[in-house]
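Enquirer: Just passing along the structure, written as structure tokens.
The values are calculated or read from the model by the stated rules, or taken from the named source; none is laboratory data. Everything quoted here is computed from the prediction, not taken from an experiment. Cβ placement follows ideal geometry from the backbone for every residue including glycine, while neighbour counts extend to all protein chains displayed. Quick note on the areas: whole protein, heavy atoms, side chains included, nothing else; ligands and nucleic acids left out. Shrake-Rupley method; radii C 1.70, N 1.55, O 1.52, S 1.80 Å.
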Amino acid sequence: MRILTARALTTVTAALCASALLAPAAVADPPVLPAAVDLVGVGTDTTEDFMNQTSADYDAAASAGLPRLYSWDAYASPLVITPKTGAISILRPYSGGAGVSALANNTTATVDYARTARAPQPGDPIGLSFIPFAKDAVTWSAKFGGHAPANLTTTDLRAIYNCAVTNWNQITDVAGYSGPNALIKPFLPPANSDTRSSFLKAIGVTTVGSCVVSGPQADRGTDPALDNPDAVFPYSVGTYIAQVHRGHGSATETPGPLTVRNVNGIAPITSGQDITPALAAGLYGRLLYHAVRTSEYVASNAHATALKSVFGPQGWICNHPLVIDDYGFIPGCPGVIITT
């Protein structure tokens, strides 16, 4: 089932836009314990920096008495969090999949939305609405100056992650490349990671081979295991752009020694430092969503109004496409809301 929600701006959105201030600096995790009525989210690390900035902007513009917006990072300390005042304590969700589960398994007393970098999947909980706001693409990365070529085909990547190709000298379809006799070391983010699932879907792998190592945090290159001339690791192109070209990187949120590489001859980043449209339009493209509980989103009450004022087709996020672009993604509002 699909919900089309083209509506006029809510009174909440109008009040926020009327009182908008200069954008404050984003922070990781809420700077205060959110109130019970505030909108609080968890989920994928792909869009956590974007949502941290959006929360700071929104809260700076919010009129007195309106719910504030907060976002918990995927990887931080402590591992067990109490998302808002009066909430039950939960294990910090480290991915979009874990965020969706936290949303489905709790009420608005604990979690109001989930950040997710994938569409609904078979087996997802029912009763959720996935609201798109931007487009991203995934590609592969490797260590600068390492043994990997500048380009790999989908066939190459499928063979690497199936472990049918395990040595660089077996890559014979890349013009001008003569791979050394060195074992390829393919890595993946943890199970349930959105970047992992998007990448494996793009290359057509359902069961990874035994040579693949899972574990490094998605969209970060700081794991020491990735500082290897033979490492191959999927990466969000939008996150890479934000970290490297938009000034949103940090000591921990950085590609480190990794650089993103071409797929099927398509460079992931344009000369203008944006996601290459041809890559985003193909198998390696993906939509970015915020998931909410459908019953709460379609209700006629203050909580529904607050949700729409942030996530709706004419809400805060869709009315600030420059922030989406500043964090490396392609603005994609409004889009079709998909329900489970």
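Enquirer: Just to confirm, what accessible area per residue do you get for the chain at 1.4 Å probe, in whole Å²? Don't jump to the answer; show the numbers that get you there.
Expert: Numbers: 13460 Å² over 340 residues.
Ligands and nucleic acids excluded, the result is 40 Å² per residue.
Enquirer: What spacing in nm lies between the two simple spin-label points modelled at residue 183 and residue 169, each 7 Å away from Cα in the Cβ direction?
Expert: Each label point is offset 7 Å from its Cα along the Cβ direction, giving 1.5 nm.
Enquirer: If N is the number of residues in the chain, what value comes out of its Cα radius of gyration divided by 2.2 N^0.38 Å?
Expert: In units of the 2.2 N^0.38 Å rule of thumb, it is 1.00.
Enquirer: On to the next question. Run lengths n ≥ 4 of DSSP H only: what is the helix-derived mean residue ellipticity at 222 nm for the chain, with -39500 (n - 2.57) per run over all residues, to the nearest 500? Walk me through the numbers before you get to the answer.
Expert: Numbers: 10 runs with 83 residues, N = 340.
Result for the chain: -6500 deg cm²/dmol, rounded to the nearest 500.
Enquirer: Shifting gears a bit: Below 8 Å between Cα atoms, with a sequence gap of 6+, how large is the relative contact order for region 188-297 in percent? Spell out each step's value before the answer.
Expert: Details: 117 pairs, mean separation 24.7, N = 110.
Normalised by residue count, the contact order of region 188-297 is 22 percent.
Enquirer: Of all accessible surface on the chain at a 1.4 Å probe, what whole percent is carbon and sulfur?
Expert: With neighbouring chains kept in place, the figure for the chain is 59 percent.
Enquirer: Please check: in the Gaussian network model of the chain (C-alpha springs, under 10 Å), which one of 146, 238, 41 has the largest mean-square fluctuation.
Expert: Looking only at 146, 238, 41, the biggest GNM fluctuation is shown by 146.
Enquirer: Something else about it: Long-range amide H contacts for residue 71: which residues qualify at under 5 Å (H placed 1.01 Å from N, peptide plane, sequence gap of 5 or more or a different chain)?
Expert: Amide H neighbours of residue 71, under 5 Å, 5+ apart: 41.
Enquirer: Per the Debye formula with a single identical scatterer at each Cα and no solvent contribution, what log10 I(q)/I(0) holds for region 279-337 at q = 0.25, 0.27, 0.29, 0.30 Å⁻¹?
Expert: Rounded to two decimals, the profile gives -1.06, -1.15, -1.23, -1.27.
Enquirer: How much of the calculated P(r) for region 36-159 lies past 23 Å, in percent of all Cα pairs?
Expert: When every Cα pair of region 36-159 is considered, 43 percent fall beyond 23 Å.
Enquirer: Sticking with this structure for a sec: Could you size up the charge dipole of the chain around its Cα centre, putting +1 on the beta carbon of Lys and Arg and -1 on that of Asp and Glu, and report it in debye to the nearest 20?
Expert: 580 debye
Enquirer: Explain nothing, just the number: dipole magnitude of region 168-290 about its Cα centre with +1 on each Lys and Arg Cβ and -1 on each Asp and Glu Cβ, in debye rounded to the nearest 20. Spell out each step's value before the answer.
Expert: Details: 7 positive and 8 negative charges, 36 e Å.
So the magnitude is around 180 debye.
Enquirer: Still on this structure, I have one more. With each pseudo-label sitting 7 Å past Cα toward Cβ, what's the residue 271-residue 29 distance in nm, one decimal?
Expert: 4.5 nm
Enquirer: Sticking with this one: Top mean-square fluctuation among 100, 292, 27, Gaussian network model of the chain, C-alpha springs under 10 Å?
Expert: Result for the chain, Cα springs under 10 Å: 27 fluctuates most.
Enquirer: Compute from the Cα atoms of region 163-307 the Rg and the Dmax, the latter being the longest Cα-Cα distance, and quote both in angstrom.
Expert: Answer for region 163-307, Rg first and Dmax second: 18.3, 64 Å.
Enquirer: Here is a follow-up. Once you list every other residue whose beta carbon is under 9 Å from the beta carbon of residue 221, what net charge do they have if Lys and Arg are +1 and Asp and Glu are -1?
Expert: Around residue 221, the charge tally is -1.
Enquirer: Taking the Cα centre of the chain as the origin and placing charges on Cβ (Lys, Arg +1; Asp, Glu -1), which of 339, 315, 77 is farthest toward the positive end of the dipole?
Expert: Looking along the dipole axis, the top candidate is 339.
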